[in-house]
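What follows is a single structure, written as C-alpha cells, with notes after it.
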Amino acid sequence: MHTIWVDSYDPTLIGQRLAWGRSHSVYRYGEHEVIKIPFLEYVMWPKLQERLERDISASQKYFGEFFLSTRIVEHPKTRAIATIQPFIVGHYLSKEDVRHPAGKQTFEKFMACYDAMYADGVAPLDLVGQGGVLERKLSNVMVLSDGSWKIYDAAILDLFGFEWWNWLARGVIWAVLRRQEGTIQYFRS
Ligand SMILES: Nc1ncnc2c1ncn2[C@@H]1O[C@H](COP(=O)(O)OP(=O)(O)O)[C@@H](O)[C@H]1O
Ligand SMILES: [Mg+2]
C-alpha cells in the first residue's frame, strides 16, 4: 500500500483535538507533538503518501529553517497514514509582523524562498490556509514566541493526486492563489 517504509505511531498517545482542519484533523500527540490525520486517506489512496512526501521535501528544500519538521507515520494496524510535528504555540503571520525592520528582513528572506520555488517551476505552497480566508494573514505560517517563523502545513497548490474531481480542486487553487497574492501585496504595501 505504501511506497516506502514509514514508522508506526502509537494511537494511545493521541490526546485532545486541536482543530478540524481543511484536509486533516489535528490532535495533541504525547507531551510535545501533534498528529494530523488526513480526511482524504481513502479518496486519494494510493497517492496520498506520495503527495505528502513530495510536499514535505519541497518545503524543506526551499524553505529550510522556515519549515516545521514533519514526519510521515502510519497506524500500526490499518496502516492509514498521518503526520507528526512538534506542538507549537504562536500566531498567524500578519502585517504587524513585517512592519518593523527585523520582520521586513525576515519577510524578504521568506519571499526569496517562495520565489526560488516558483523559478524552479514548482507550484506555490498554500500559505494563506483556512485562517487567511477572512483575515489578511498567512495562516499556515506561525510566528513563535522566539520570533521564528514556521510553515506548519505543507501543501503545494497543484493537482497532484487528484483525479476526476479535480475541477473542484482547480477552482479552489485559483481562489487560494488570488487571495495569497493579494495578502502578500498587502504585506509589502
Ligand atoms: N504543529 C502544531 N502545533 C500546534 N497547533 C497546530 C499545529 N499544527 C496545526 N495546529 C492547529 O491546527 C490548526 C489547523 O492546522 P493545519 O495544519 O493548518 O490544518 P488545515 O490547513 O487543514 O486546516 C492550526 O490553525 C492550529 O491551530
Ligand atoms: Mg492550514
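Numerical summary
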item: For segment 85-159, the spread of Cα positions along each principal axis, largest first, Å; result: 33, 27, 25
item: 19 Å Cα cut-off, lysine pairs counted over the chain (separation 8 or more, or different chains); result: 14
item: Residue-span extension gain [Q185 to K47] - 0.36 nm each, minus C-alpha spacing; result: 46.3 nm
item: Over segment 7-86: Kirkwood hydrodynamic radius from C-alpha pairwise inverse distances, Å; result: 13.1 Å
item: Likely footprinting exposure, W20, W5, fewest C-beta neighbours within 10 Å first; result: W5, W20
item: Cβ-Cβ FRET estimate between I14 and M111, R0 fixed at 30 Å, reported to 0.05; result: 0.25
item: Cβ crowding within 10 Å averaged over residues, with 47-59, 72-84 ranked highest first; result: 47-59, 72-84
item: Size of the chain as Cα extents on the principal axes (Å, biggest first); result: 51, 40, 29
item: Chymotrypsin sites (Phe, Trp or Tyr not before Pro) restricted to DSSP loop in segment 146-189 with at most 10 other C-beta within 10 Å; result: W164, W165
item: Spherically averaged projected area in nm², based on the convex hull that wraps the Cα atoms of segment 130-189; result: 4.9 nm²
item: Relative contact order computed over the chain (Cα-Cα under 8 Å; 6+ residues apart), in percent; result: 19 percent
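No value in this document is a laboratory result; all are computed from the given coordinates. Bear in mind the structure is a predicted one, so any value in this text is a computation, not a measurement. Neighbour counts are summed over all protein chains in view; Cβ atoms, including those assigned to glycine, are modelled from backbone coordinates with ideal geometry.
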